[in-house]
Amino acid sequence: MLLPRTRLLAWALLSVAAVRAEETVPYLDRSLASEVRIKDLLSRLTLEEKIGLIHANSKFAAGGVARLGIPLTWTDDGPDGVREEVGQDSWVPAGRTDDFATAMPVGIAMAATWNPAMTEAEGRVIGEEARARNKDVMLGPGLNIMRTPLNGRNYDYFGEDPWLTSRMTVAYVKGMQSEQVVACIKHFAANNQETERNAVDVEMSERTLREIYLPAFEAGVREGGAMAVMGAYNRFRGDFCCENDYLLNTILKKEWKFPGAVISDWNATHTTRGAVLHGLDLEMGTRGPYADYYLAKAYEEGIKNGTYSMASLDDKVRRNLRMLFAAAAIDGRGPGSINTPAHRAAALRANEEGIVLLKNEGRLLPLDPNQVHSVAVIGDNAVRTFAAGVNSAGVKTFHETTVLEGITARLHGQADITFSQGYRGPEQKKGKRDATGVQSAEVLAASALEQQNLADRAVKAAGAAEVVLFIGGLGHGAYGDDEGTDRKDLSLPGHQAELISRLVAANRRTVVVLVSGSPVEMDGWLEQVPAVVEAWYGGSTAGEGVAAVIFGDVNPSGKLPCTFPRRLKDSPAHASGLARQFPGENGVVHYDEGLLVGYRWFDTKKIQPLFPFGFGLSYTNFAYSHLAVTMGNNGVGSAVAKFDLTNTGSRAGAEVVQLYVREPQAPVDRPEKELKAFAKVFLKPGETQRVELQLGQRAFAYYSPALKAWVADARTYDVLIGSSSRDIRLQGKATFAQPSVSR
Ligand code: GLC
C-alpha cells in the first residue's frame, strides 16, 4: 500500500507522463503546421464523430468531440455585430444580459465610406466581440450585388459595383480573421432578391456571373483568405446553391482553390446526395431533428453501404477542422472585448464617413450650432432605433443614439428643440418565424385622421422654428429594409413626400435627412428642399454621426455605393416590366440586363439618374489636374494613373477619387464604363496630393467563356478619373500593344 506522500509523488509522475505523452500527440503540437495537425486529428476520429462535425446540433453550433478536446463550432450572425443569443433550438431571443454588442453601421453605409480601412476596423471590432462571446465563425459580410433597388437586403450589402464590394470585403475579412474569428462571406451566389428566395432559380450569362456577381466572392476567398462561404437559398441554373456542383466544386474549390468550409444558409439544404457530392461541408438550420439532417444519419448509412466514399467525408471534415484551427478553437485565443469605447469610436468614424451629402443649395449646411436658436426636429425616424430586431443582421445594443438624441446632445441646450412625429413609419404586428427564422409581420398603417393630425402639428412646428430637420426614410420589417421580403416600390412610407412639401412650404430652411438602407424616390419635394443627407442606418452611434455632419463637426465624405433612380422603371431589372426579369416567372428569374447593372445600365443607356453612383458632396471643393497614365509597371496589361488632387476650399475634407475604364468599340458587349480603382484622399485646405491608382490586367479585361479566362485586347482604353460616375474630371488613355490573358 503506498504511503500518502509516495502516492502523491506517483500521481504527479503519472500526470507528467500523461501530459508529456499528450504533448507528443501531433494534433496538439503547436510547433507543427496546421495541415499536419489536422491530418493527425482526422486519423483519430470515428465515423460517427466525423459525421457529427459536419451538421448542426443546435441553432448556431455544430460538431464537438470532447474525447479529443475538439470544442463545438460556434457560428453566429451577423454582418454588423454579434447577434443577441437565441434559444438552443429556436429563433426566440434568450433574454440574456451578457449579449449586448456594438452595432456597426449597416453594410451599405460601410460601402458609402469608400474606405476599406473602415471595414477592416469593422472586422476587427466584430472579431473582438465575437471572441468575447465564444464565437468561431461570424456569418458575414454579405456581398450580394444590388441588382434591384427593391431588394429587402440591399441595406445589408455593399451596393451595385463588384470592385467597390470586393475592396470592402477583402478588408473586412482580413480584419476579422486577424482576430482569430472566421468570416463567412455570403450568400453564394446570386441571392439578389428576397422574393421566393428559398426556391427562385437564377439564370444569367457566364460573363454576367463572372464579371458582376462573383468578383467580390473571388476576392474574399483569394485575396481576403475567407475560411467560410455561405451557400445561398436560391437555385442557380437549376440547382440549389448549397448543392451546386458548378458554383461550389468547379469554381469555388477547384478554380479558386478555396480551402475552407461551405456552410449552408439556414434550412437551405435539400438532399443528401446533392450535399455530399456537390460541395456542402456544414449543414445548418435544416428543419427537424439534427439526426435527420441530410449530412447526418443518411450520410453515415451511405458511407457504411458504400454509396459515398470516406474520402468525400474526410474532405468535409478537413475543411471544418481548418475553420476551427483558423479560430484557434483547440489552442485557445485571447478573451476579446465587448462595447469598449474603442469599438464605439470605430463605429462612429465609419458612421460619419458613410453619410452622403446629396444636396446643399445656398450652403444651408453646415448649421452653426452657436447661431441656431430654435430647431424643429420632425419625423418618426428621429426617435426610432434600427440596430436590433432585424432578423439575421440585428444587434442588441446597450444604447443606440437616435437622431433626436444626437441633435439634442450636440446643441447642449443652446437652442429650443421641438420634436414632432410628423408621420408614422410602417408599424409591424410581428407574427411567427418561418423555417429560416424570418419573422412574418403585418404592416399596420396609420389612419387618415391620425396622419392628418400628425402632419398638421408638424407643419405648425416647422413654421415656428428657425430651421427644420426632417428625419425620415425607411425602416426594417416586412416590405422594408429587411430579409425575407422585397420592397414594393421606391416610395417613402407614411406619406412623407407630401409632408416634406408642406414643411418646406412652411419653412424654406428645411433639411431632409434620410435614415434608410436603399434608394428612394424624391419626386415632388426634392426641387423645393435646399439640403438632403443620406444617413443610412448608422448603428450604435447613429444620431451622433448625423449631428456631427449637420453641425459641421465632420465634413461629409460619403459617396453613393448605388444609383438612386428617378423612378423604378429606369432601373435595369425593371425597365422591361417583364416578370421574368423581376421577381421571376414560373420560378425562374432571368438577369436579361446581363452586365448592365446599376450605373453600367444608366450610363450605357444614357438614362439620367436622380443621383449617380459615386456621388456625394462636401463642405469643401476639390480640383483634379495633371493626369499621367503609364503602362506595364506591374506586369503585362497593367497600368498606373497619377494625378494631382487639391483641396481648393477653406476646410479640411476627404474626396473619393474614382477611376473608370472604358473600351471604345470593344469586340464584345461592354458597359459604357466600369469602376476599376478608387481612393479616399484626406486634404487640408489648399493642400495638393499626387494620387496614384494601380490597375492590374483584370482592370481592362472581360471574361471569355470560350477561353475560361480574362482577356484584355491589344487596344487603347479610356481612363476616366472622376468625383462620381457622372462627374469625370480627367481623361487619359491606356494602350496595350499585346493582348493579355489571365486566369
Ligand atoms: C438567414 C440569412 C443568413 C443568416 C442565417 C442565420 O436566413 O439568410 O444571412 O446568416 O439565416 O440566421
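The values are calculated or read from the model by the stated rules, or taken from the named source; none is laboratory data. Nothing here was measured: the structure is a model prediction, and the numbers come from that model. For neighbour counting, all protein chains shown are included, and Cβ atoms are generated from backbone atoms with ideal geometry for every residue, glycine included. Ligands, DNA and RNA are excluded from the accessible area calculation, which covers all protein heavy atoms including side chains. Shrake-Rupley method; radii C 1.70, N 1.55, O 1.52, S 1.80 Å.
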(request) Can you tell me which residue within the stretch 70-89, out of those that are part of a strand (DSSP E or B) and of a type in the set (S, T, N, Q), is surrounded by the fewest Cβ atoms within 10 Å (Cβ to Cβ)? (result) T75
(request) Pick out the one residue from T307, T269, T286 that is more than 16 Å from the ligand (Cβ to nearest atom) and outside any helix (DSSP H, G or I). (result) T307
(request) Could you tell me whether the stretch 613-622 includes any residue that is crowded, with 17+ Cβ neighbours inside 10 Å, part of a helix (DSSP H, G or I) and over 23 Å from the mean Cα position of the chain (by Cα)? (result) no
(message) Quick test of your reading of the structure: Y172 fulfils all but one of (1) away from the ligand (no atom under 16 Å from the Cβ); (2) among the hydroxyl-bearing types (S, T, Y); (3) within 23 Å of S337 (Cα to Cα). Name the failing condition by number.
(response) (1)
(request) Return the residue satisfying two criteria in turn: it lies in the stretch 90-120 and is hydroxyl-bearing (S, T, Y) and away from the ligand (no atom under 16 Å from the Cβ), and of such residues it is most open to solvent (accessible area, probe 1.4 Å). (result) T97
(request) Can you give me the number of residues within the stretch 711-743 that are under 32 Å from the mean Cα position of the chain (by Cα), under 17 Å from E672 (Cβ atoms) and part of a loop (DSSP other than H, G, I, E, B)? (result) 2
(request) Collect the residues in the stretch 117-154 that are assigned to a helix (DSSP H, G or I) and touching a His at 6+ places or on another chain (Cβ under 8 Å), keeping them in residue-number order. (result) V125, E128, E129
(message) Being among the hydrophobic types (A, V, I, L, M, F, W, C) and either open to solvent by 10 Å² or more (accessible area, probe 1.4 Å) or in a loop (DSSP other than H, G, I, E, B) (or both) is the filter here; which residues of the stretch 155-164 pass it?
(response) F158, W163
(request) Go through the residues of the stretch 123-139 one by one and say whether even a single one is under 19 Å from H399 (Cα atoms), crowded, with 24+ Cβ neighbours inside 10 Å and within 16 Å of the ligand (Cβ to nearest atom). (result) yes
(message) Testing T208 on (1) open to solvent by less than 10 Å² (accessible area, probe 1.4 Å); (2) within 15 Å of the ligand (Cβ to nearest atom), one condition comes back false. Which one is that?
(response) (2)
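To keep it simple, each residue is scored yes or no on (1) closer than 30 Å to P93 by Cβ; (2) at pLDDT 95 or above; (3) not in a loop (DSSP other than H, G, I, E, B); (4) not aromatic (F, W, Y).
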| site | (1), (2), (3), (4) |
| --- | --- |
| K432 | yes, no, yes, yes |
| G437 | yes, no, no, yes |
| A441 | yes, no, yes, yes |
| L454 | no, yes, yes, yes |
| A461 | no, yes, yes, yes |
| F470 | no, yes, yes, no |
(message) Among the listed residues G69, G52, identify the single one that is at positive phi and not β-branched (V, I, T).
(response) G69
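For every residue, the table says whether it meets (1) under 20 Å from Y479 (Cα atoms); (2) open to solvent by 10 Å² or more (accessible area, probe 1.4 Å).
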| residue | (1), (2) |
| --- | --- |
| S166 | no, no |
| Q177 | no, yes |
| Q180 | no, yes |
| C184 | no, no |
| F188 | no, no |
| N191 | yes, no |
| A199 | yes, yes |
(request) Output the number of residues of the stretch 43-62 satisfying the condition of being more than 16 Å from the ligand (Cβ to nearest atom), under 32 Å from the mean Cα position of the chain (by Cα) and in a loop (DSSP other than H, G, I, E, B). (result) 2
(request) Identify the residue in the stretch 356-404 that is surrounded by fewer than 21 Cβ atoms within 10 Å (Cβ to Cβ) and within 16 Å of the ligand (Cβ to nearest atom) and, among all such residues, is modelled with the highest pLDDT. (result) K396
(request) Go through the residues of the stretch 183-197 one by one and say whether even a single one is under 19 Å from G127 (Cα atoms), away from the ligand (no atom under 15 Å from the Cβ), at pLDDT 95 or above and outside any helix (DSSP H, G or I). (result) no
(message) Out of the residues in the stretch 249-272 meeting the condition of being in contact with a strand residue (DSSP E or B) (Cβ under 7 Å, 6 or more places away or on another chain) and touching a residue at least 40 places away in the same chain (Cβ under 8 Å), tell me which one is surrounded by the most Cβ atoms within 10 Å (Cβ to Cβ).
(response) I263
(message) Checking S518 against (1) over 23 Å from the mean Cα position of the chain (by Cα); (2) modelled with pLDDT of 95 or more; (3) of a type in the set (G, A, S), only one condition comes out false. Which one?
(response) (1)
(request) Confirm whether N234 is within 16 Å of the ligand (Cβ to nearest atom), touching a strand residue (DSSP E or B) at 6+ places or on another chain (Cβ under 6 Å) and not charged (D, E, K, R). (result) yes
(request) Report, by residue number, each residue of the stretch 237-266 that is assigned to a helix (DSSP H, G or I) and within 16 Å of the ligand (Cβ to nearest atom). (result) C241, C242
(message) Six or more apart or on different chains, Cβ atoms under 6 Å: show the pairs whose first residue is in the stretch 515-536 and touching a residue at least 40 places away in the same chain (Cβ under 8 Å) and surrounded by fewer than 22 Cβ atoms within 10 Å (Cβ to Cβ) and whose second is among the small types (G, A, S) and not in a loop (DSSP other than H, G, I, E, B).
(response) P530/G362
